[in-house]
Each structure stands twice: as structure tokens, then as C-alpha cells.
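> Attaching a single structure in C-alpha cells format; questions to follow.
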Number of protein chains: 2
Amino acid sequence: MATRTRRTQRRTEALSRERIVEAAVELLDTAGEGGLTFRALTERLATGPGAIYWHVANKEELLDAATDAVVAAALAAERAESAGSAGSAGSIGPAGAAAPAEPTGPAEPTVSAERTEPAEPPNSPQDKIRAIAFGLFDAMEDHPWLPTQLALQLSRSPWGSVTPQIFESIGRQVRALGVPEGHWFTATSALVHYILGAAGQNAANSATARTLVPDVDRAEFLDAASKAWNELDPDDYPFTRAVAAQMRDHDDREQFLAGIDLVLTGITALHLPGDQGCAPPPAP
Amino acid sequence: MATRTRRTQRRTEALSRERIVEAAVELLDTAGEGGLTFRALTERLATGPGAIYWHVANKEELLDAATDAVVAAALAAERAESAGSAGSAGSIGPAGAAAPAEPTGPAEPTVSAERTEPAEPPNSPQDKIRAIAFGLFDAMEDHPWLPTQLALQLSRSPWGSVTPQIFESIGRQVRALGVPEGHWFTATSALVHYILGAAGQNAANSATARTLVPDVDRAEFLDAASKAWNELDPDDYPFTRAVAAQMRDHDDREQFLAGIDLVLTGITALHLPGDQGCAPPPAP
DNA sequence: ACCTGAACACCGTTCAAGT
DNA sequence: ACCTGAACACCGTTCAAGT
């Protein structure tokens with residue numbers, strides 16, 4: 001709905017891997033995962049399949065490149081936080097996905113009561129981790145195909161090109177946190193897994209909501225999902241049913257943030273026993 | 001390599017959804033994700049495609065059912081921990097995947113030094129969470145296609161049939177942990193995301209190792225992957241390079257366990273301030 | 001109700017041929 | 001070096017027809 005620029009591509013501008021990947025991303029955004037076809041691609045680029053195969057080995061590589069580009073843009077946007085230059089973000093990723101200005105700040109602490117953020121220094125490693133996480137979170141909402149492709153690529157070649165990007169971004173902040181080197185891998189892995197999993201799940205919620213009833217608010221969808229959970233067998237699913245209401249009423253970004261803070265707490269509590277070690281003490 | 005039973009299927013035994021799903025799992029285990037084809041399936045079951053379509057709506061539903069069955073078997077095996085009955089596990093899942101006896105116990109605490117497990121009561125909620133996690137971990141190693149399909153289904157319909165299964169298993173233990181109800185959803189989500197992500201990544205490592213050089217030990221693969229990380233641009237990937245060695249030498253199960261304990265620590269520290277609140281205090 | 005199997009539409013990929 | 005486009009092999013799915 002958002003992407004409208006550059007329709008009816010003119011046959012000028014020589015073909016290039018970059019242009020192909022760009023077209024692939026637009027096609028994925030517009031027509032969904034099933035919409036990316038070599039035929040659709042050749043039409044949009046006004047060429048034959050052979051031309052595309054000269055720049056790209058196969059469809060898998062094309063999908064990887066598209067995933068790579070979108071993730072890189074999301075991470076670059078976050079990196080340009082306090083600095084002014086937008087880096088190499090531009091072009092790829094529609095709408096405000098790569099907007100370097102404000103990282104769409106985490107939902108304000110509307111939290112019920114108990115968790116009173118203990119006045120962390122702004123721009124702390126924790127803050128930066130949250131910003132990176134929300135950058136990926138937003139990218140997945142803008143590109144509904146991203147979670148799936150990310151998961152596919154992670155399953156296919158876990159040490160491929162995307163993982164190091166995300167790993168590096170988060171890992172630097174884990175290091176800045178003061179975590180001893182022996183625990184870098186574990187701590188970073190935990191954060192990355194949570195972020196990708198939770199952000200992906202949330203994006204899937206939005207996507208499903210959009211698909212089921214294009215115009216409906218996702219709140220209505222969550223309501224329906226919550227009802228579905230409520231109709232599970234009470235003997236087999238007591239917990240899931242009990243949590244159904246909670247799921248319906250939750251705010252995505254708040255929930256996502258709470259999960260990140262949970263992992264962060266685990267990291268600091270387990271690996272930084274000197275610092276202050278424990279949970280943020282309830283303000284006195 | 002393991003599955004050998006019931007080859008050259010006889011055309012007796014009426015077709016059923018269950019038999020189709022079973023054949024699909026075997027085909028996936030044997031021939032990989034690309035090997036599951038309606039043509040291969042009809043051959044194996046000695047029917048036509050129409051017969052399959054009478055029992056199953058389409059390929060997507062078939063893949064979902066296969067995923068469902070394997071996950072259910074893994075969770076059932078864990079549930080039969082202290083009890084004797086194996087439940088409805090049987091049949092599906094080759095080799096020792098669904099063996100109800102010992103949950104392949106988490107790697108013994110070979111931990112370097114500092115983390116001295118504070119003598120948790122055996123069969124504690126923590127222990128059960130670890131057992132469930134390792135059950136899924138093992139299932140993913142036995143069925144290399146499982147992480148991918150799990151991720152696909154999660155992206156496709158996050159509140160589908162598999163999620164509640166896993167969510168319920170973990171969630172019950174989160175409740176047993178004493179987490180206040182308001183935090184059930186966050187805590188359970190964090191655990192599930194970490195477990196699926198980390199187990200999947202590990203399974204992908206093993207799978208890639210097997211694919212690249214069928215006979216090589218996965219240690220050699222990790223060595224190669226570690227070298228690949230070491231060849232990344234030192235300016236762009238200082239952290240990832242620094243962690244490469246650590247990745248090479250790690251023990252999967254130990255690393256996986258450490259991550260679970262990290263999230264568990266976060267949960268208890270953040271949500272159980274009364275209990276003892278903090279990280280396992282170094283034994284006096 | 002359950003199964004058969006030929007047929008259809010579509011897809012990724014190749015390759016001899018052009019410039 | 002880069003592009004064309006017809007052709008190939010294969011796949012998921014359908015459906016009229018059988019029992």
C-alpha cells in the first residue's frame with residue numbers, strides 16, 4: 001500500500017545485481033512471498049530470465065541478498081542514532097523503515113507499576129540494544145516476508161551473511177556492558193534469539209491480521225486469536241487458556257521491550273555479579 | 001541413515017491421514033525438505049495424488065501436520081519423565097527421538113568454574129524446563145527439516161497448532177516457578193523464543209556440517225565456520241572475530257544449557273524478588 | 001465415502017544464440 | 001561481458017470418472 005514510486009520501470013539503466021535485488025524487495029513487499037517470481041521479475045525489469053541469472057546464481061541467492069539488504073538497512077538506521085550521517089541506508093526499504101532520524105523510540109513505560117526503570121544513563125549499552133531490537137522489529141513490520149526469510153536463511157546457513165551483521169551489532173553492546181569475554185557468545189546468542197523470535201512472531205501477528213481481514217485493526221485479530229486459545233481443551237491447555245486474556249490486551253512494543261529487559265537482567269545478574277548484580281531494585 | 005523399517009510399502013492398509021503424515025515425515029528425514037513431493041509420496045504410498053488430496057487439503061497442511069506430529073512426540077517423551085507410560089509418543093520420529101526412558105540428560109556441569117549450580121531440588125520447574133528444551137533440541141537434530149518448518153509455521157500462523165503445545169509445556173513450569181500471573185506471557189515467550197532459536201541454530205550447524213562433508217565431524221565444520229568468521233573485515237566485525245574462537249571450542253549442549261539458565265535467571269531475578277531474587281549466589 | 005490418473009497452470013533453470 | 005527468449009524438467013493441484 002505504501003510503495004508507489006518508480007512504477008512502469010523504463011528499460012534504460014543497465015541491469016545490475018543491485019537493481020535486481022531492489023526489484024525483488026519491492027516485489028516481495030507488494031505481492032508477498034509468493035509474488036517473487038522470475039517471470040514477474042523479468043517483466044518488472046524488462047528483460048529475460050537469462051539476464052537475471054547472469055547477475056544472480058539462483059532464487060535462493062536472490063532471497064538471501066534481499067534479506068541481507070533489508071537487515072543491513074535496519075541496522076544502519078540504528079547505527080546513525082546520535083551521529084548525523086545516514087550511512088549507506090537509503091534506497092532499500094520503503095516508507096520510513098530506514099529513516100535515520102528517530103528510532104521510533106520504545107513504547108513509553110506505561111508499565112503497570114512495579115518495574116520502575118532505575119534511571120539508566122541515556123545511550124547506555126542497554127538503550128542501544130533496545131534501539132537495535134526495535135529497528136529489526138520495525139523492519140519486520142514493514143517487510144512481512146522478512147521473518148520467514150530470516151528464519152530460512154538462519155536454518156540454511158547459520159553463519160551466513162546476515163547472522164554476523166546482527167551478531168556484531170548486539171555483541172558490541174554486550175561487550176560494552178562489561179560482560180566477561182568468556183560469556184560473550186552465550187549472552188549475545190540469547191539476546192539475538194529472543195529478538196528475532198519475538199519480533200518475528202509479532203510481525204506474523206500483524207501480517208496474519210492484515211491477510212485475514214485487510215482493513216481490520218490488529219487488535220481485532222488478537223481478540224480472535226485469544227478466543228481461539230480460549231476454545232482449546234481446558235484439560236490439555238490450562239496455562240495457555242489462562243494466558244489468553246493477557247495476550248489479547250498486551251501492547252506489542254511494551255511486551256517486546258519487557259522481554260528484552262528480562263534477558264538483559266539475566267545477563268547482568270549472571271555475568272556481572274560485581275556491578276550491582278541483581279534486578280533493578282524497586283526505587284526507595 | 002537410521003530409518004530402515006517398513007520399506008517397500010505393501011499396497012494393503014487403507015490410506016489415512018495418519019499414514020500420509022507418517023510417510024511425509026519419513027520422506028523428509030530421508031530425502032530432505034526438497035524430497036517431499038506429491039509424486040514421491042504417491043509412489044511410496046502406491047496411490048494417486050487425488051487420494052492424498054482427499055485426506056489433506058494441500059502441501060502446507062501436510063507440512064504443518066508433520067511438524068505437529070514430531071513436536072508432539074518430542075514433548076510427550078519429556079512428559080513421561082518420572083511416570084512410566086510412554087503416552088501417545090510411539091511410531092512417529094525415528095531412532096531414539098521419542099524414547100521415553102531418559103531425557104538424554106543435559107550435559108553434566110563441566111562448567112569452567114564460577115557458575116556453581118546452587119543445588120536445585122531435582123525435578124524442579126527449572127529442571128523440567130531444561131528437559132523440555134533438550135527434548136526439542138534432540139528432535140531438531142533427528143529431523144533436520146524441523147527448525148525450518150517450525151519457523152515457517154510460526155511465521156505463517158503464530159497461534160497455530162504447534163505454538164500452543166510448546167507454550168503450554170513451558171508455561172506450566174513458569175507458573176510452577178511462582179512467577180506472578182501478570183508476567184507469565186513475557187517469561188514464557190522469552191524462554192520459548194530462546195529455546196527454538198538456539199536449538200534451531202544448533203541443528204542447522206549439524207545439518208550444514210553433514211551436507212558439506214557427509215562424513216566429517218561437526219567439530220571440523222565449526223572449525224571452518226570459525227575460520228570464516230576470522231576472515232571477516234576486522235574493521236566491520238571486531239566482536240564477531242573476537243568470539244570466533246569461543247564459538248569453535250564450545251560444546252553445543254553446554255552452551256544451550258547456559259543460555260536457558262541465563263533466561264531463567266532473568267525470570268527469577270525480575271519476577272521473583274521475594275524468593276531470593278538474584279543470581280545463584282556462589283556457594284559459601 | 002474413497003480412490004484413480006490424466007491433464008493443467010506455473011515455476012526455476014538452462015543454453016544456444018545474439019550483440 | 002552482457003543479454004535474449006524459447007525450451008525443459010518438474011511441481012502442486014484439479015477433476016471427471018470410477019468403485
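The values are calculated or read from the model by the stated rules, or taken from the named source; none is laboratory data. A quick note: this is a predicted structure, and the numbers were derived from the prediction, not measured. Because the Cβ atoms are built from the backbone with ideal geometry, glycine has one as well, and the counts that use them run over all protein chains shown. Quick note on the areas: whole protein, heavy atoms, side chains included, nothing else; ligands and nucleic acids left out. Shrake-Rupley method; radii C 1.70, N 1.55, O 1.52, S 1.80 Å.
> Taking the label point as lying 7 angstrom from Cα along the Cα-to-Cβ axis, what are the distances from residue B:43 to the corresponding position in the remaining copies, in ascending order and in nanometres?
3.4
> Let me ask something additional. Alpha carbon centre of the range A:33-70 versus the range B:38-75: separation in Å?
After rounding, the separation between the Cα centres reads 30 Å.
> Once you have the Cα-Cα distance between residue A:230 and residue A:54, take 0.36 nm times their residue separation minus that, and quote the gain in nm to one decimal.
Full-extension gain reported as 58.1 nm.
> Taking only protein heavy atoms and a 1.4 Å probe, what accessible area per residue, in Å², does the range A:122-275 have with all protein chains in place?
Per-residue accessible area for the range A:122-275 comes out at 34 Å².
> With a 1.4 Å probe, how much accessible area is buried between chains A and B, both sides summed, in Å² to the nearest hundred?
So the buried area, both faces added, is about 5600 Å².
> Give or take rounding to whole Å, what are the principal axis extents of the alpha carbon atoms in the range B:122-275, in descending order?
Largest to smallest, the principal-axis extents are 47, 33, 32 Å.
> May I ask you to evaluate 6.51 cos²θ - 1.76 cosθ + 1.60, the Karplus curve with θ = phi - 60°, for each residue of the range A:167-183 and list the ³J(HN,Hα) values in order in whole Hz, giving x for glycine and proline?
Each residue's phi maps through the Karplus curve to give 4, 5, 4, 6, x, 4, 6, 4, 5, 4, 5, x, 4, x, 4, x, 10 Hz.
> Hey, if you put +1 on the Cβ of every Lys and Arg and -1 on every Asp and Glu Cβ in the range B:122-275, which of B:173, B:246, B:262 ends up farthest toward the positive end of that dipole?
So the residue we want is B:173.
> OK, next. Leaving ligands, DNA and RNA out of it, report the carbon-plus-sulfur percent of the accessible area of the range B:122-275 at a 1.4 Å probe.
The computed percentage sits at 51.
> Between residue B:236 and the same site in the other copies, what are the distances in nm, shortest first, taking label points 7 Å from Cα along the C-beta direction?
4.8
> Does a label point 7 Å from the Cα of residue A:30, set along Cα-to-beta-carbon, have any residues of the range A:46-77 with amide nitrogen under 14 Å, and which are they?
A:46-47
> Okay, moving on. What does the structure give for B:226-236 when I average, per residue, the other chain Cβ atoms found within 10 Å of the residue Cβ?
Per-residue shielding by partner chains comes out at 1.
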